[in-house]
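First comes the structure, then the notes that go with it.
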């Protein structure tokens, strides 16, 4: 039996989201992942947004980047138009961006769910994968964070292309 | 302190020159509900935020918005870097061109320069988080409108990503407000300002 965090990690690493997969939702909780929870009684003249219940289910990292969120429950596209791919998908930079994005999404989730241990474990795992991806990228194309320059033969931090100039960095 | 990561948050790769699109997308660079204002709003609200975890949330979302500021500039740069004088005149981009050539300047689509008058820092946790939720919705509507106006798939790919970020940020600010409300006196949540009176 996989725990919620194992399932989250397996999908971050490239698996697929199962429709209606709600591994982290308690059996007695009849809310699906598209719904959050609210207080049954709350003071008047206040506004309440439902709390997201769990960091699962989650998209795989590439799909998360395409969709703009790791969390299917928050994925609410305009006129149901969503991205099926992105220009760097399948390149070392595209893979790195996807992992950076998973880290960002789990970071914001944990900012409001700091006691969610499964999400914190998933974050640590995502950071480890992101570090690996960054090392792969830096070897091929040069520094992405300033300290990466320590592994370079020359001072190449200032070499182009810069991020707003799409070019050979993609490996294409 | 801030340090730079030499990659965009999401790829921007636009093939076609199109100053007509740049004319209105620039509003998300320096317009009333744009990414510059978003970043400065959140980063400036941190100092009067009473709870440490939401100082973190404002820092993390404010920093992400600076990355979006860079993505919008990348869109405008790629839409205008190779434009001809003929394309400039045909698109009505001449009024921008005369002041900024093909440089990227933070302004509204209507030409007003970016102004701090479009952001709020009230120094009250309920008020500031409510402002932030409204700001995310205003940016989401602006991206909806850009998707209605733009027919360039390369541009729209990026805009769809940025629009979805507004929804995620709305949820996180809403959760912060939810948790703030729970900490306050349930008989009168407005009895005092926890940003100032504690």
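Is it the case, given these coordinates, that residue A:148 is at pLDDT 95 or above and facing chain B (nearest Cβ under 8 Å)?
no
Among the residues of the stretch A:61-76 satisfying the criterion of being part of a loop (DSSP other than H, G, I, E, B) and closer than 16 Å to residue B:140 by Cβ, which is nearest to the other protein chains (Cβ to nearest Cβ)?
For the stretch A:61-76, the residue satisfying everything is A:68.
For the stretch B:31-53, check the following and say yes or no: at least one residue is under 19 Å from residue B:133 (Cα atoms) and in contact with a strand residue (DSSP E or B) (Cβ under 8 Å, 6 or more places away or on another chain).
yes
For the condition surrounded by fewer than 16 Cβ atoms within 10 Å (Cβ to Cβ) and under 29 Å from residue A:145 (Cβ atoms), what is the one hit in B:11, B:113, B:52, B:106?
When all the criteria are applied, what remains is B:52.
Limited to the stretch B:27-57, what total is found for residues that are at pLDDT 95 or above and facing chain A (nearest Cβ under 9 Å)?
Total satisfying the criteria: 3.
Among the listed residues A:91, A:56, identify the single one that is more than 16 Å from residue B:159 (Cα to Cα), touching a residue at least 24 places away in the same chain (Cβ under 8 Å), buried (at least 24 other Cβ atoms within 10 Å of the Cβ) and more than 7 Å from chain B (Cβ to nearest Cβ).
A:56
Among the listed residues A:109, A:141, A:166, which satisfies the condition of being surrounded by 18 or more Cβ atoms within 10 Å (Cβ to Cβ), at the interface with chain B (Cβ under 10 Å from one of its Cβ atoms) and modelled with pLDDT of 95 or more?
Within the list A:109, A:141, A:166, the selection yields A:109.
The values are calculated or read from the model by the stated rules, or taken from the named source; none is laboratory data. A quick note: this is a predicted structure, and the numbers were derived from the prediction, not measured. As a convention, Cβ positions derive from the backbone with ideal geometry for all residues, glycine included, and neighbour counts pool all protein chains shown.
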